[in-house]
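Engineer: Once you've had a glance at the structure underneath, I'll fire off some questions.
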Amino acid sequence: MGLEPLEFSDCYLDSPWFRERVRAHEAELEKTNKFIKELLKDGKNLIAATKNLSAAQRKFAHSLGDFKFEFIGDAETDDERYIDASLHEFSNFLKNLEEQREMLALSVMETLIKPLERFRKEQLGAVKEEKKKFDKETEKNYSLLEKHLNLSAKKKELQLQEADSQVEQNRRHFYELSLEYVCKLQEIQERKKFECVEPMLSFFQGLFAFYHQGYELAKDFNHYKMALQINIQNTRNRFEGTRSEVEELMNKIRRNPQEHKRVNHFTMEGYLYVQEKRPAPFGSSWVKHYCTYRKESKMFSMIPFEHRSGGKAGDEELFVLTYCTKRNVDTIGRRFCFDLEASGRPGAPVTMQAFSEEDRKLWMEALDGKEAVSVILKDTNLFCAQLDKTGFTVIKKCISAVETRGINDQGLYRVVGVSSKVQRLLSLLMDAKTCNEVDLENSVDWEVKTITSALKQYLRSLPEPLMTYELHGEFIVPAKSGSPESRVNAVHFLVHKLPEKNKEMLDILVKHLANVAKHAKRNLMTVANLGVVFGPTLMRPQEETVAAIMDLKFQNIVVEILIENHEKIFKTLPDATFPEPISMAVSPPNAPPRQARRQGQRIKRPLAVYNLCLELDDGGSGTSPEKETPQPPWAAWSSAPVPSLGRS
């Protein structure tokens, strides 16, 4: 049951029931007033919280925009550059969102706070003023009436008439005020419904507009997000391959540090403790120095170095070595010592202490001392892989078996076979007597993973990688920079510089890998995944170092280009006027994260990863996850469009 209506006729009766109804209306308006007051307080808190959130989001966006990942090496892949640029993209996304949030905060003030404040002040405030007048007039009316009724009847008639006239006039004024007050009460009761709700409706319209704008921003961001997920997955795949190579190199060096010593212009280098003699009462001290020696010039240098402070503890000293002799323990009281004598250096010979007996032997061998260290021979393969008739037979038999039996096997070439079985299969294939007897296509004795591992092992066992040490650096250069078209043209040019047998074998292998990639929806071996598997196999560096391993991702890109453009690269000759690339590393700047699709690019391409299959459907329009990269000076070697572009 709602409030009872206030009848105007009841104003003249002013009955107790009328007064109760008036008080009920007044109580309802007071409740409304308190509600609006609390709502205004909460609304202002909401605006303050929104502004605080916006400030925090903007600070977060600023932090994202200011940070930049550093990379190892002299260049990044396209995927890595887009990942770097993603922080700036996230920052812009948040800034756009916060602009909409600030507009929301302003609209809350204009559409909700101010209208409610105006209604509370102008309408509810006016009713309060009317109530005060009504209460005051009620008190005056009934006080005057009581006073009038207490007049003595003995007063003169004229006085009584004047009193009656005054009371009647006051009563009419009271009734008029009562009518106006009742009218105002009922008017406000009806007005409050739309005066309160309409600002709230405007507020929610603004709120939904903000969320809709966020939805639109999210839709615009969705394509970029999908492309970035692919960039991240490609980078993760390359990281896994790089990490395994780094760990393998680390274990090799751990087992035999001297065998994997980096090639440089020093015959020997490392830390030695050098005896520094002091005046008689103080004896001598031993100071750690980093020493280097060049055998050709007999130039020896030593730099004092303190690891605790992390810096040099003095200037470099250079001298020409004359001879080196071993110091016996009984002559100096310390182990692993030897003496050096230098021409033009005054004073006694320099006494040095190595870290161990083995270390001393290595130094003395390098310095032409009296002791030498035996040469450590590297492990050799159990068989000799060559690009001869046998080698081509092995590769062709393996490829034929894979395409017949396992082209749709998930993780093809990533799943590794048992090492002993792989070695046994290679031994049989390498033996001319047993090679023809091995039936890989129909025999269940040999698993597909054993065959694929044997193929990879054979290629890794070649004395030189299929793409040669000589051209290794030249293949890497275009993968580090340039447009996709220029990369394809550069690789096309370089492939035709390979020795004929190398090119022939590479043609056979890449044609097979292109066929494997066509079945990526089933075997999950995309071009990117095949690049990760075969990059280190086809383009291993001549020297195993961490720096070389950091270039693995670019080796993978070269293999991707070969697979995606097999027909162009191997079936056509490169442009005769195409200039030979310069072997220099180019570190391109960050490319913008989103750019328009170039003419000639594929509209739809399945992108799968091992254990994660993604498909990106552009619907024939919009932006592409394939992005253009800044072009170096030699990127304009050829502008002819190609049907398939090298990705990175």
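Engineer: Mind telling me which of the residues L179, L160 ends up being part of a helix (DSSP H, G or I), in contact (Cβ under 8 Å) with a residue 12 or more places away in the chain and open to solvent by less than 70 Å² (accessible area, probe 1.4 Å)?
Structural biologist: Checking each option against the conditions leaves just L179.
Engineer: For segment 416-448, give me the residue count where each residue is modelled with pLDDT of 90 or more, open to solvent by 70 Å² or more (accessible area, probe 1.4 Å) and under 14 Å from I399 (Cα atoms).
Structural biologist: Total satisfying the criteria: 1.
Engineer: Also: Among all residue pairs at least 6 apart or on different chains, which show Cβ distances below 9 Å where the first residue, located in segment 197-216, is free of Cβ contacts under 8 Å to residues at least 40 places away in the same chain and in the same structural domain as L106 (by the TED database) and the second is open to solvent by 100 Å² or more (accessible area, probe 1.4 Å) and not in a helix (DSSP H, G or I)?
Structural biologist: Close Cβ pairs satisfying both conditions: none exist.
Engineer: Still on this structure, please answer the following. Here are P478, P465: which of them is within 34 Å of the chain's Cα centre (by Cα), assigned to a loop (DSSP other than H, G, I, E, B) and assigned by the TED database to the domain that holds K553?
Structural biologist: Answer to the check: P465.
Engineer: To continue, here is another question. Can you tell which of R540, R522, R487 is in contact (Cβ under 8 Å) with a residue 24 or more places away in the chain and over 23 Å from G73 (Cβ atoms)?
Structural biologist: Exactly one of R540, R522, R487 is in contact (Cβ under 8 Å) with a residue 24 or more places away in the chain and over 23 Å from G73 (Cβ atoms), namely R522.
Engineer: Among the residues of segment 384-420, write down those that are touching a helix residue (DSSP H, G or I) at 6+ places or on another chain (Cβ under 8 Å), farther than 29 Å from K521 by Cα and not in a loop (DSSP other than H, G, I, E, B).
Structural biologist: Across segment 384-420, the qualifying residues are T390, G391, F392, T393.
Engineer: Just for segment 66-125: of the residues that are open to solvent by less than 30 Å² (accessible area, probe 1.4 Å) and acidic (D, E), which one is nearest to L29 (Cα to Cα)?
Structural biologist: Ranking the candidates gives E98 first.
Engineer: Are any residues in segment 289-305 in contact (Cβ under 8 Å) with a residue 60 or more places away in the chain and surrounded by fewer than 16 Cβ atoms within 10 Å (Cβ to Cβ), and if so, which ones?
Structural biologist: The one that is in contact (Cβ under 8 Å) with a residue 60 or more places away in the chain and surrounded by fewer than 16 Cβ atoms within 10 Å (Cβ to Cβ): K295.
Engineer: Another question, if that's okay. The conditions are (1) farther than 27 Å from S15 by Cα; (2) polar (S, T, N, Q); (3) open to solvent by less than 70 Å² (accessible area, probe 1.4 Å), and Q189 fails exactly one of them. Which is it?
Structural biologist: Status for Q189: all satisfied but (1).
Engineer: May I pose another question? Can you tell me which condition G333 does not meet? The list is (1) modelled with pLDDT of 90 or more; (2) open to solvent by 50 Å² or more (accessible area, probe 1.4 Å); (3) not aliphatic (A, V, I, L, M), and all the others hold.
Structural biologist: All conditions are met except number (1).
Engineer: Let me ask something else about it. In segment 1-41, how many are of a type in the set (D, E, K, R), open to solvent by less than 80 Å² (accessible area, probe 1.4 Å) and on the phi < 0 side of the Ramachandran plot?
Structural biologist: Of the residues in that region, 6 qualify.
Engineer: Exactly one of (1) part of a loop (DSSP other than H, G, I, E, B); (2) touching a strand residue (DSSP E or B) at 6+ places or on another chain (Cβ under 6 Å) is unmet by V320. Its number?
Structural biologist: (1)
Engineer: Going by the conditions given, is M505 over 29 Å from the mean Cα position of the chain (by Cα), buried (at least 19 other Cβ atoms within 10 Å of the Cβ) and either hydrophobic (A, V, I, L, M, F, W, C) or more than 26 Å from V415 (Cβ to Cβ) (or both)?
Structural biologist: Yes: the conditions hold for M505.
Engineer: Still on this model: Quick check on this structure: which one of F194, F204, F208, F221 is surrounded by 14 or more Cβ atoms within 10 Å (Cβ to Cβ) and assigned to a helix (DSSP H, G or I)?
Structural biologist: Criteria check complete, one pass: F221.
Engineer: So which of S143, S165, S152 ends up being more than 25 Å from C11 (Cα to Cα) and surrounded by fewer than 17 Cβ atoms within 10 Å (Cβ to Cβ)?
Structural biologist: S152
Engineer: Let me ask something additional. Residue check, Y458 against (1) closer than 23 Å to S400 by Cβ; (2) open to solvent by less than 10 Å² (accessible area, probe 1.4 Å); (3) modelled with pLDDT under 90; (4) not aliphatic (A, V, I, L, M), all met but one. Which one?
Structural biologist: It is condition (3) that Y458 fails.
Engineer: Now for a separate question. Could you tell me how many of the residues in segment 1-36 are in contact (Cβ under 8 Å) with a residue 60 or more places away in the chain, more than 19 Å from L177 (Cα to Cα) and not hydrophobic (A, V, I, L, M, F, W, C)?
Structural biologist: Residues flagged as in contact (Cβ under 8 Å) with a residue 60 or more places away in the chain, more than 19 Å from L177 (Cα to Cα) and not hydrophobic (A, V, I, L, M, F, W, C) within segment 1-36 amount to 3.
Engineer: Report yes if D84 is closer than 30 Å to V546 by Cβ, out of contact with any helix residue (DSSP H, G or I) (no Cβ under 8 Å at 6 or more places or on another chain) and outside the structural domain of A479 (by the TED database), otherwise no.
Structural biologist: yes
Engineer: Sticking with this one: Whether any residue in segment 512-527 is open to solvent by 30 Å² or more (accessible area, probe 1.4 Å), under 22 Å from L387 (Cα atoms) and in contact with a helix residue (DSSP H, G or I) (Cβ under 8 Å, 6 or more places away or on another chain) is what I want to check.
Structural biologist: Among the residues of segment 512-527, not one is open to solvent by 30 Å² or more (accessible area, probe 1.4 Å), under 22 Å from L387 (Cα atoms) and in contact with a helix residue (DSSP H, G or I) (Cβ under 8 Å, 6 or more places away or on another chain), which makes the answer no.
Engineer: Moving on to the next point. Can we say I407 is surrounded by 15 or more Cβ atoms within 10 Å (Cβ to Cβ), β-branched (V, I, T) and more than 34 Å from the chain's Cα centre (by Cα)?
Structural biologist: No; evaluated as a whole, the condition is false for this residue.
Engineer: With the condition kept exactly as written, say whether any residue in segment 26-49 is more than 30 Å from Q123 (Cβ to Cβ), among the hydroxyl-bearing types (S, T, Y) and either assigned to a helix (DSSP H, G or I) or modelled with pLDDT of 90 or more (or both).
Structural biologist: Within segment 26-49, not a single residue is more than 30 Å from Q123 (Cβ to Cβ), among the hydroxyl-bearing types (S, T, Y) and either assigned to a helix (DSSP H, G or I) or modelled with pLDDT of 90 or more (or both).
The values are calculated or read from the model by the stated rules, or taken from the named source; none is laboratory data. A quick note: this is a predicted structure, and the numbers were derived from the prediction, not measured. Backbone-built Cβ (ideal geometry, glycine too); neighbour counts: all protein chains shown. Each accessible area value is taken on the protein alone, full model and side chains, heavy atoms only, with ligands, DNA and RNA left out. Shrake-Rupley method; radii C 1.70, N 1.55, O 1.52, S 1.80 Å.
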